[in-house]
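Only one structure is covered here, and it is reproduced in the block below.
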Amino acid sequence: MDDFAQFYQAGGFFMHPIALCVVLGAGVMIERFIFLFFRFNINGGQFFNQVQKLVMANNIDRAIKLCNAADKAALARVMKAGLTRPTRARPTSPPPSKSRCSRSPRRSPSASR
């Protein structure tokens, strides 16, 4: 512990902001861990199976309501976004034209002699 105190004192004034950043960063990490793994956590497999059964039975409205019930969970928000925005045809690029390039063909190095 004495080594750490000497190291901290040797660092000078700038060790105080660095230590503050470390404490704040650790606090944010702990808060995120608690919320992601305890408060906003749902059983993903079970939730997905329930939504899948409702969708297969063509009960899209009930599946959206189920997602609304667990709105704080990230999985529920993603599933709801997929259910509320049904498949849209993605714009496709036009097929490549069959016209030839306008520039002249390349010549081989031996042809220029």
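We did not get these values from a lab; they are worked out from the coordinates using the rules stated. Since we're looking at a predicted model, the values are computed, not measured. All Cβ positions, glycine included, derive from the backbone under ideal geometry; neighbour counts span all protein chains shown.
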- prompt: Let a ≥ b ≥ c be the square roots of the eigenvalues of the Cα gyration tensor of region 42-86; is it rounded (a/c under 1.5), or, if not, prolate (a/b larger than b/c) or oblate?
  reply: oblate
query: Where in region 5-93 are there chymotrypsin sites (Phe, Trp or Tyr not before Pro) that are in a DSSP coil and have at most 16 other Cβ atoms within 10 angstrom of their Cβ?
result: Phe40
task: With a cut-off of 18 Å, note down the residues of region 42-62 whose backbone N falls inside the zone around a label point 7 Å from the Cα of Asp71 toward its beta carbon.
output: 42, 61-62
